[in-house]
Every structure is written in C-alpha cells, then in structure tokens.
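Bear in mind that the values in this text are calculations on the coordinates, not laboratory data. Just so it is clear, the model here is predicted, and its values are computed rather than measured. Cβ placement follows ideal geometry from the backbone for every residue including glycine, while neighbour counts extend to all protein chains displayed.
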Amino acid sequence: MFYFLLPLVLGFACNLGSAFTAEFSRRWGKRCGSIVSTLLRNALGIPVWVIGFILAALTPSPTLFSSTIVTTLMGWLMITIGGIVILISLGTIRIRSVRPSIQDTLARNGIYAYVRHPIHTGTILEFIGLTFVTPTLTVSIACALGIAWVLVQTRFEEIDLLQRMPGYRDYMNLVPRFLPKFWNK
C-alpha cells in the first residue's frame, strides 16, 4: 500500500540537491556545481517525486472524508491559485529557476517583493488542494510529506542563498518567507 513512499522520498531527497549549489560549486567549480544542482532537481528530483504522487493517487486507500462539490471546488481553486503563483514566480526569475548558479542575482521585484519563496507557497497550496480533490489516506500522507519537504527545502535553500547572494540576509529581514504582508508595503 505504501510503495509510493520510495519514489516520493527519493525525489524529495534529489530535489534538495538544488539547495547545495554553493557547496557543489566550491567542490567542483561554478559550471559543474550548477549542472549537478540542476540535474539533481530537474532530471531526478521533480520527476521522481511526481511519480510518487501519481502512485499515491492510484493506490487503493481509505478516504478520509466524503468529497463534496464544495471540497472539490475548494481543492481545485487552491491548486489553480498555487499554479498561478508558481508560474508568476518562474516568469520573474526565469533561468535562475531552472539552473541555479553561484552567479545568480537576488530577485526583489514582482512577487518576490512580497514573498521570499513564492514557488514554495504555490507548491504548498497545491498539496493542500490535492488533499481536498483526492481525500484518500495515501494522497494525504504524500501531501503531508510534501509540505514537510517544502519546509525543509526552504530552510536549506536559505542557507545556500545566504552563501551565494550578497544582500540576502537583509532581504530575509524585509520580506516574509511564505505569506505576504501587504499592510507593510
């Protein structure tokens, strides 16, 4: 029943490789460090954890609550909003989102003026939404692990960004991690 956990956790572990761009670059040089980070996250991490989620959804599992039109619509709304937040974020940082490098510059514009990790915010929204759309035990476990992974990934990325980007500490003090504070802007 829980065979989906292997690709899920393995994918999350590989995805975490992007949070070690500075370390990989110190060990193997700028170009190789960037390539290793990119391959771990984009070629192994994301595709493998997506397979884990697909397997979780396909695994026969007890439902946690009865799905209604309201819960389903709420789930799809959260998935849609999360996807929009991710697309806006990717559009703002462009190539830096695909290939991390020690030469990256700090994004302080657009959505990044309000949230330090909008891609992670969108991903969390999508995981929560998925639990409403498919309220099974296996999907809920996968989503809970996904949210935990995002929190860990964010912490490790911030350690990496502090090493790679001058001014990131000041940015951390000004901009919240996941949820915007519009009243402060």
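Miscellaneous remarks
- Label positions at Ile147 and Cys32, each projected 7 Å from the Cα along the C-beta direction, are separated by 4.1 nm.
- Under the convention that each Lys and Arg Cβ holds +1 and each Asp and Glu Cβ holds -1, the size of the dipole of the chain around its Cα centre is about 640 debye.
- Packing-based ranking of 134-142, 116-124, 76-84 yields 116-124, 134-142, 76-84, ordered from highest to lowest mean Cβ neighbour count within 10 Å.
- Annotation: Cα Rg of the chain relative to the compact-globule expectation 2.2 N^0.38 Å equals 1.08.
- Amide proton proximity set for Thr136, modelled H, under 5 Å, gap of 5+: Leu64
- Sites Ala43 and Phe65 - FRET efficiency at Förster radius 30 Å, r taken between beta-carbons, to 0.05: 0.25
- Spin-label model distance (nm) - Val98 vs Leu10, 7 Å beyond Cα toward Cβ: 2.7 nm
- Over the chain, relative contact order from alpha-carbon pairs under 8 Å, at least 6 apart, %: 28 percent
- Label-to-label distance, Arg155 versus Thr80, with points set 7 angstrom from Cα along the beta-carbon direction: 3.5 nm.
- Here is the size of region 47-153 from its Cα atoms: Rg then Dmax, 15.5, 49 Å.
- Helix-only mean residue ellipticity at 222 nm for the chain, each DSSP H run of n ≥ 4 adding -39500 (n - 2.57), per residue, nearest 500: -21000 deg cm²/dmol
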